[in-house]
Each structure stands twice: as structure tokens, then as C-alpha cells.
Amino acid sequence: MIDSHCHLDHETIFNNLDEILLRSKSVGIEKLLTICTTDKNFSNIIDLINKDMMIYGTYGIHPHETSNSNISSKDIIKNVRKNKKIVGVGETGLDFYYNNSDKESQINSFLEHIEASIELSVPLIIHSRNAEKETYKILSKYKNSKLKILMHCFTGSLDFAKKLLNLNAYFSASGIITFKKSQDLQTTFKEIPIEKLLVETDSPFLAPDPLRGKKNEPSFIIHTLKKLATIKNIDTENLDKITTENFNKLFF
């Protein structure tokens, strides 16, 4: 198993990291991709990837942070790739759920991340919420640029997913697919080709059923994997192998 998106630098995980890594390994996790969300926390990402061989990292500015941070230029983003365990750009994207006032800063930051990922030829980890039209409009302009897209914690519509598949995107399923009220999302993941699927925890957020309400951690990914296997009508072991291969194909 591979947790394609977690936040190991978050205080609730970072303070108990040794135990969490042991539990991750005990359930069979091979790699953890810890995601950068601000320029300030990138030093923590570097500490983490140096701590254990199973941990890899990214560099990016979360859309919620674009109005509070200096927007990283593509040259700054490209520079951090000198570390070979920094394997992706993001998380970046657009989130207009809570606040529409910072649309311009989010879009400008998103564009810088896109340009950097293309020049580096590494995957772009995208967060998109309440911004399907805007996200697709921007990404579609890069259709012929060999952009490597990973839609993190995908909760979008089936129509949005189909459009993104035309851009050769991958989709990561989080614990949300285990929630009782996620039938529409489950239907969407049923339609997404299995060779385009990854799994993630987004820990310490979005703990899956039956652990909902607890602080999430990578070892909980087994519940998401099992639910996705049920949705795709495939045994869990086989899906584990496929999603692991998909991650390695995309990032390595």
C-alpha cells in the first residue's frame, strides 16, 4: 500500500511520528507521500524525508494559503526539486468553498505550480473544491504540455472526472468514499478506470469509517482501500497491487 497524500508535518502526527510509522509499516504501507502546504513548513518536509526511507515529499502552496504567503514562482518551486525525494509539486489548486475574495491569488499561484511541474516533468497534486469549471478551464489549456495530474481527495462530479480523464489525470480516493452520504462519489469512482486510481488518507484529516471522528493516520488507509475494492468489485489485495503500481508509474 501507498498513502499518496498525508500531512506528516501536522503537529498531531509529527509529535507521535515514530509510533505512526511503525503502525504504517505493520499494515503493509511501502511509501508515504507527505505534502507541503506552505513555504514555511517546507523545512519540516525535508526533515521528514530524511527521517525514513519510506517517506517522500512535495513542495507547494495550498490554495487556502495563497493570500497569506508569498506566491512561489516557478523558479523557486523548481529549485527545491534538487532533492531527489521531492517527487511532486503541490498541493496547489483552487478552493472557492469558504471564500471567493482571494480567487486571483489562488489562480496566479496555481499557474506558477503548473508551469513548474511541466518544466520539471513531475506530477502536480491538485486540490479542487467548488471550482470545477475554473480548474478544468485552466488545466485544459495545458492539454498538450504533458502535464502529470493527480486530483487529490477527489470529490468532484462524474462529469468533471470524465473531462479530467481526457487530460490523462489520476484520481486519489480518500476516506470520504467510506462515508454513508457519499453514494454519488462512490458512483463516480465506480466509473473511473482502475488504472487511474490511487488511495490516500489526507491524514490527520478525514478518518474513514469505522474510525470517523478520530485523528486520521496512514495506517487507516486499509479501510479506504477495502471500500474502494468493494466499489470496483475487485478483491482488496489485487486493488492494493494496482494502486501501488499506479502511484509508482505516476511518480517514478
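The values are calculated or read from the model by the stated rules, or taken from the named source; none is laboratory data. Remember, it's a predicted structure, so these values are computed and weren't measured experimentally. All Cβ positions, even for glycine, are placed from backbone atoms using ideal geometry, and neighbour counts span all protein chains on display.
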Per-region count, the range 154-168, residues within 19 Å of Ser117 (Cβ to Cβ) and in a loop (DSSP other than H, G, I, E, B): 4
With the requirement that a residue be touching a residue at least 24 places away in the same chain (Cβ under 8 Å) and in a helix (DSSP H, G or I), what does the range 228-247 give you? Leu228, Ile231, Lys232, Leu239, Asp240, Ile242, Thr243, Thr244, Asn246, Phe247
In the range 36-77, the residues that are outside any helix (DSSP H, G or I), among the hydrophobic types (A, V, I, L, M, F, W, C) and crowded, with 18+ Cβ neighbours inside 10 Å: Cys36, Ile55, Ile61, Ile71
Find the residue count for the range 185-202, including only residues that are touching a Ser or Thr at 6+ places or on another chain (Cβ under 8 Å) and in a helix (DSSP H, G or I). 2
Every residue from the range 107-153 that is outside any helix (DSSP H, G or I) and free of Cβ contacts under 8 Å to residues at least 24 places away in the same chain: Lys141, Asn144
Matching residues in the range 18-35 - criterion: being of a type in the set (A, V, I, L, M, F, W, C) and surrounded by 17 or more Cβ atoms within 10 Å (Cβ to Cβ): Ile20, Leu21, Ile29, Leu32, Leu33, Ile35
Just one of (1) under 21 Å from Arg212 (Cα atoms); (2) in contact with an Asp or Glu (Cβ under 9 Å, 6 or more places away or on another chain); (3) surrounded by 17 or more Cβ atoms within 10 Å (Cβ to Cβ); (4) not polar (S, T, N, Q) trips up Phe160, so point out which. (1)
Taking the range 1-16, which residues are outside any loop (DSSP other than H, G, I, E, B) and within 10 Å of Leu32 (Cα to Cα)? Ile2, Asp3, Ser4, His5, Cys6
Condition set within 25 Å of Asp18 (Cα to Cα) and of a type in the set (Lys, Arg), scope the range 202-251, selection nearest to the chain's Cα centre (by Cα): answer is Lys215
For the range 162-185, how many residues are in contact with a strand residue (DSSP E or B) (Cβ under 8 Å, 6 or more places away or on another chain) and either at pLDDT below 95 or farther than 19 Å from His7 by Cα (or both)? 5
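Here is a yes/no grid of residues against (1) in contact with a helix residue (DSSP H, G or I) (Cβ under 8 Å, 6 or more places away or on another chain); (2) under 30 Å from Ser67 (Cβ atoms); (3) surrounded by fewer than 20 Cβ atoms within 10 Å (Cβ to Cβ); (4) among the small types (Gly, Ala, Ser):
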position: His113; (1), (2), (3), (4): yes, yes, no, no
position: Glu119; (1), (2), (3), (4): yes, yes, yes, no
position: His152; (1), (2), (3), (4): no, yes, no, no
position: Leu165; (1), (2), (3), (4): yes, no, yes, no
position: Ser174; (1), (2), (3), (4): yes, yes, no, yes
position: Thr187; (1), (2), (3), (4): yes, no, yes, no
Just to be sure I understand the filter: pairs with C-beta atoms under 7 Å, separated by 6 or more residues or on different chains, first member in the range 41-58 and acidic (Asp, Glu), second member crowded, with 20+ Cβ neighbours inside 10 Å and modelled with pLDDT of 95 or more. Which pairs pass? Asp52/Leu21
Selection from the range 130-148 of residues buried (at least 23 other Cβ atoms within 10 Å of the Cβ) and within 16 Å of the chain's Cα centre (by Cα) yields Thr135
Test result for Phe171, within 13 Å of the chain's Cα centre (by Cα) and in a loop (DSSP other than H, G, I, E, B): no
Could you check, for the range 229-239, whether at least one of its residues is modelled with pLDDT of 95 or more, in contact with a helix residue (DSSP H, G or I) (Cβ under 9 Å, 6 or more places away or on another chain) and buried (at least 23 other Cβ atoms within 10 Å of the Cβ)? no
